[in-house]
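> Can you keep this structure in mind? I'll have questions shortly.
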Ligand code: HEC
């Protein structure tokens, strides 16, 4: 794969949005125009833009749906914002399709109140689609405060209350630590869970994986506390309020511990 599904979705999804907004602009232009010919011309443009929007909504929804499946597999619970993004995308697509169907049925000769209702519905759809796009953007790029937190080295600047104390579970070793077979097993189980739960769809470790979320190569140095790691994986927003990472609260205690131990083991500069 050269492109991830989220990249395919990102590339496709602007077409229906732009087409819908253009359709609204031409429709309003047609309403405002006094010349019959210009009215018809603008209305025709608006009609075909709207048809294009409905056609292009199909691959956008499909690629978005597949992105959701690949990014939140296994026991990942997608953040609420993802649900909103998906629902408002469905709502706009449905609304746009209904308006198109209405216009097709009347051979695009609606007038009076129906005509106005059509324009209002299209405008509403364009409004919701902008909101949808905003949510999608937040999903991919995070919001400003999240990137701010990232820019100060992944240290959470905002929250203090819900955050478990960051106490290193390993003191700097003065003598080489004894190899703990149980810990090694736990870390290996964690690595497997990391693969199974699609963490690499967002994260990167030692150059492998995606880059939409922080690189985890040194997360064990940044967050050496096993409690912190577990609490964060279980419910990221309990620790990092604006986090867009899915909650993995369906994982068992043991699985969370394994994943947490794997995270803690990811020290930079080893
Ligand atoms: C949909 C994308 C996504 C998925 C999937 C995802 N994460 Fe995250 N993760 C994020 C984002 C965004 C952040 C930054 C905000 C935060 O700290 O919660 C983050 C932060 C982290 C951090 C803190 C990084 C640091 O050093 O500051 C860890 C550790 C982490 N994730 C582990 C995991 C694990 C383990 C999984 C799989 C079980 C996983 N993530 C799945 C998006 C994701």
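No lab work stands behind these numbers, since they all come straight from the coordinates. Being a predicted model, the structure only gives us computed values, none of them experimental. Don't worry about glycine lacking a Cβ; one is built from the backbone with ideal geometry, like all the others, and counts go over all protein chains shown.
> Give me 111, 63, 130 sorted ascending by neighbouring Cβ count inside 10 Å, so fewest comes first.
Numbers: 111 8, 63 19, 130 15.
So the residues, fewest neighbours to most, are 111, 130, 63.
> Below 8 Å, C-alpha to C-alpha, sequence gap of six or more: please give me the relative contact order for the range 5-141 in percent.
On the way: 130 pairs, mean separation 42.2, N = 137.
Computed value for the range 5-141: 31 percent relative contact order.
> How many nm separate the modelled label positions at residue 3 and residue 66, each set 7 Å beyond the Cα in the direction of the Cβ?
Rounded to a tenth, the inter-label distance reads 1.0 nm.
> Sticking with this one: Could you work out how far apart the two model spin labels at residue 206 and residue 58 are, taking each label as a point 7 Å from the Cα in the direction of the beta carbon, and quote it in nm?
The modelled label-to-label distance comes out at 4.5 nm.
> To one decimal place, what Kirkwood hydrodynamic radius in Å is obtained for the range 44-108 from all pairs of distinct Cα atoms?
Taking every pair of different Cα atoms in the range 44-108, averaging 1/r and inverting gives 13.3 Å.
> Can you pull the one-decimal nm distance between simple spin-label points at residue 252 and residue 25, each 7 Å off the Cα toward Cβ?
With each label point 7 Å from Cα toward Cβ, the separation is 5.7 nm.
> Can you list, bin by bin at 10 Å, the percent of alpha carbon pairs in the range 220-270, starting at 0?
Using 10 Å bins, I get a P(r) of 29, 52, 18, 1 for the range 220-270.
> Using 0.36 nm times the number of residues separating residue 181 and residue 51, minus their current alpha carbon distance, what extension gain do you get?
Numbers: separation 130, 0.36 × 130 = 46.80 nm, distance 6.27 nm.
In short, 40.5 nm is gained.
> Arrange 121, 19 by Cβ neighbour counts within 10 Å, fewest through most, would you? Walk me through the numbers on the way to the answer.
Numbers: 121 16, 19 21.
Neighbour counts put them in this order, fewest first: 121, 19.
> Rank the residues 232, 35 as a footprinting-exposure proxy: fewest other Cβ atoms within 10 Å of their Cβ go first. Intermediate values should be presented prior to the final figure.
Details: 232 26, 35 9.
The fewest-first ordering by Cβ neighbours comes to 35, 232.
> Let's test the formula: R0 of 35 Å, r as the Cβ-Cβ distance of residue 195 and residue 84. What FRET efficiency results, to the nearest 0.05? Don't skip to the answer; put the middle values down first.
Working: r = 29 Å, r/R0 = 0.82.
The calculated FRET efficiency here is 0.75.
> With only alpha-carbon atoms counted, please give the Rg and Dmax of the range 5-141, in Å.
16.5, 59
> Additional query: Quick one: what does P(r) look like for the range 1-67 with 10 Å bins over all Cα pairs, in whole %?
Pairs per bin, as whole percents: 24, 36, 22, 13, 5, 0.
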